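Here is the structure we will look at, set down as structure tokens.
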Amino acid sequence: MEGEPTLRLRIFNLNCWAIRYLSKRRQQRVRLIGDTLRQEGFDLVLLQEVWSEQDYSELKVKLAGSYPFSHYFRSGVIGSGLCVFSRFPILDTLLYQYSLNGYPYMLQHGDWFCGKSVGLGLDGFAGIRAPLLSPSLQLHAEYCRDKDAYLPHRLVQAWELAQFIRHTSKAADVVLLGGDLNMHPEDVGIRLLRGWTGLQDAFAEAMHFEGCKNGCTLVPDNCFTDKSELLPFPLGIRIDYILYKAISSFTVKCEELKTTTGRAPGMDIPFSDHEAVMATLHIQRQGQPAGATLGTADPALADVVTEARAEVGAGLRAARRQRYSSGRMAVLALLLLLLQAAAALATLAGLGAEQPFPKLSFCLLAFLALGALVLAAGLHLFHTMEVKMLHGTEDQMWMVLRALQERP
């Protein structure tokens, strides 16, 4: 409808790679990010991997004049690393932590300890009375594309994210999602997320694009990028996204999308090992409500759900094998402890010969058996929960698939 105001919304999204003691030149880069954000004056800033609350606090103080509203999402052992800065009031916040997030014994990866999550902020526009649902998120990292042991977990996260958006978007007129999805544009997880929610990709929809070729956000020209991860992809990969969707009586168009291209402007270092993604969206109210569209009638969606369900099923079978192995190890450790206890009691009661092993060796063996029992029991419980979550997601996908196949 002509005469209705149009909001020009500028969004900045970045995986900051700000891990205390591990990330190179972290403090310098965080200061650089803060200075750039203060100068550029974006409307909404979505940041990931801000693992230190001290870094967030410093950013909050520096950006208070430009972004009076902000929120830091806390979860896991070391935190989600997610935070949002906004020129508009943040009306409400919510954090959802994914039910599966890697393995606690994979210490070199550490995803389990950070509690990967999606943080939701409900913003109020100035000039247009339209609530904006703006989740900032990060999914489990891939680490090895050829042997991706985390694919079932990442698919469960993508599925839970899609369900989260579907059920929380009823309070919003516009949905905006930004973050590091750790998936390529044609991966089944991305296709599942977009197909089930109807979200549009700002890169694909942008009327003007400027930045790295194909919108890549992990590129060889970045001095902090692990070049070995990009050997199969000489141009880089795109795993950071800005996705959006109009729910009711609004339309959203992407006027422009930009990415950084290695070094930050005027500096000798980049912001991060990821490139920043910057989008300019035009949001306008229409004459009549269009009605919420949950999902899509695209027949290809059934194929995507089928493919995702098959991958989750493969992960379910692997989790069951791991649960069986850890359970068997726990039983063997328990039997060893029982045998040692019986031998010790027999010796104390004088019913048997003198202890054939030195006491120190006997005690060490008992401690080792006890440690193996505790570890195996913990792994068995973890993989039992993993089986339940994977089985539950597989059942949900089957229900959705059946509904899609029965839809006229």
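What follows is calculated from the coordinates using simple rules that are stated; it is not laboratory data. What you are looking at is a predicted structure, and each value in this text was computed from that prediction instead of being measured. Neighbour counts are summed over all protein chains in view; Cβ atoms, including those assigned to glycine, are modelled from backbone coordinates with ideal geometry.
Give me the distance in nm between label points sitting 7 Å out from Cα along the Cα-to-Cβ direction at residue 388 and residue 268, one decimal.
Once both label points are built, they end up 5.5 nm from each other.
Going Cα to Cα from residue 170, which lysines come in below 21 Å? Please leave out same-chain ones fewer than 8 positions away.
245, 253
Work through the residues other than residue 314 whose Cβ is under 14 Å from its Cβ and net out their charges, Lys, Arg +1 and Asp, Glu -1.
So the environment of residue 314 carries a net charge of +1.
Using 0.36 nm per residue of separation minus the Cα-Cα distance, give me the extension gain between residue 229 and residue 398 in nm, one decimal.
Length gained, residue 229 through residue 398: 57.4 nm.
I'd like the FRET efficiency for residue 375 and residue 407, computed as 1/(1 + (r/R0)^6) with the beta carbon distance as r and R0 of 41 Å, rounded to 0.05.
0.30
Residues with amide H under 5 Å of residue 250's amide H, sequence separation 5 or more or different chain, H placed in the peptide plane at 1.01 Å from N; which?
Amide H neighbours of residue 250, under 5 Å, 5+ apart: 286, 290.
Which FRET efficiency value, to the nearest 0.05, do you get for residue 364 and residue 320 by plugging their Cβ-Cβ distance into 1/(1 + (r/R0)^6) with R0 = 41 Å?
Efficiency at R0 = 41 Å is approximately 0.75.
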